[in-house]
Amino acid sequence: MKPRVRQDGASPYRLELLPPVPAYHRRARRKAGLEKGQLVYYGPMPQYYGIGEVKRILGKYVAVDFRGTGRFGVHEDVFEPQYLIPIPQATLPLL
């Protein structure tokens, strides 16, 4: 995943197309298992972090590289899995 660069500082992706999924929601709690290299987003507020790639699984935590694609400009952060929602490959061309 290589984000497109925009001059206005906005995300290179159409993050408004990603539905918010709170951490307590059934979809976030499912045990789908995240894998290294998988594309994910921060479920509760997609525009905050943007779209990221799973870099490492650290016990019960997941390290994600967002490459500054969201409003917060975060490059890498660590989350509990219920905060991360996988992005289906079929959805990527729309973003």
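Residues to consider are G33, G68; find the one that is surrounded by fewer than 20 Cβ atoms within 10 Å (Cβ to Cβ) and over 19 Å from E16 (Cα atoms). Break it down into steps so the answer makes sense when it comes.
Details: G68 fails: over 19 Å from E16 (Cα atoms).
Checking each option against the conditions leaves just G33.
Which one is modelled with the highest pLDDT, of the residues in the stretch 3-56 that are within 21 Å of Q89 (Cα to Cα) and of a type in the set (V, I, T)?
Here the residue is V54.
Kindly indicate whether Q89 is outside any strand (DSSP E or B) and at pLDDT 90 or above.
Values: outside any strand (DSSP E or B): yes; at pLDDT 90 or above: no.
When the stated conditions are applied, Q89 does not pass them.
Tally the residues that are among the hydroxyl-bearing types (S, T, Y) and either in contact with an Asp or Glu (Cβ under 9 Å, 6 or more places away or on another chain) or free of Cβ contacts under 8 Å to residues at least 12 places away in the same chain (or both), restricting the search to the stretch 36-95. Outline the logic, then answer.
Step one: filter the stretch 36-95 for residues among the hydroxyl-bearing types (S, T, Y), giving 41-42, 48-49, 61, 69, 83, 91.
Restricting the remaining residues to those that are either in contact with an Asp or Glu (Cβ under 9 Å, 6 or more places away or on another chain) or free of Cβ contacts under 8 Å to residues at least 12 places away in the same chain (or both) gives 42, 49, 61.
Residues flagged as among the hydroxyl-bearing types (S, T, Y) and either in contact with an Asp or Glu (Cβ under 9 Å, 6 or more places away or on another chain) or free of Cβ contacts under 8 Å to residues at least 12 places away in the same chain (or both) within the stretch 36-95 amount to 3.
Only one of (1) under 18 Å from P12 (Cα atoms); (2) touching a strand residue (DSSP E or B) at 6+ places or on another chain (Cβ under 9 Å); (3) part of a loop (DSSP other than H, G, I, E, B); (4) not aromatic (F, W, Y) is not met by K36, so which one is it?
Just one mismatch for K36, condition (1).
Is one or more of the residues making up the stretch 78-87 hydroxyl-bearing (S, T, Y) and buried (at least 17 other Cβ atoms within 10 Å of the Cβ)? Lay out the reasoning, then the answer.
Start the filter on the stretch 78-87 by keeping residues that are hydroxyl-bearing (S, T, Y), which leaves 83.
If we keep only those that are buried (at least 17 other Cβ atoms within 10 Å of the Cβ) too, we end up with 83.
The answer is yes; a qualifying residue exists.
Could you please let me know if V74 is of a type outside the set (D, E), in contact with a Pro (Cβ under 7 Å, 6 or more places away or on another chain) and at pLDDT 90 or above?
Numbers: of a type outside the set (D, E): yes; in contact with a Pro (Cβ under 7 Å, 6 or more places away or on another chain): no; at pLDDT 90 or above: yes.
The answer is no for V74.
Of everything in the stretch 52-95, what is under 10 Å from the mean Cα position of the chain (by Cα) and among the hydroxyl-bearing types (S, T, Y)? Give them in sequence order. Let's see the steps before the verdict.
Applying the first criterion (under 10 Å from the mean Cα position of the chain (by Cα)) to the stretch 52-95 yields 52-54, 64-66, 69-70, 83-87.
Of everything in the stretch 52-95, those that are under 10 Å from the mean Cα position of the chain (by Cα) and among the hydroxyl-bearing types (S, T, Y) turn out to be T69, Y83.
The values are calculated or read from the model by the stated rules, or taken from the named source; none is laboratory data. Predicted model, so just to flag it, every value in this text is computed and none were measured. Please note: Cβ atoms are built from the backbone with ideal geometry, for glycine as well, and neighbour counts cover all protein chains shown.
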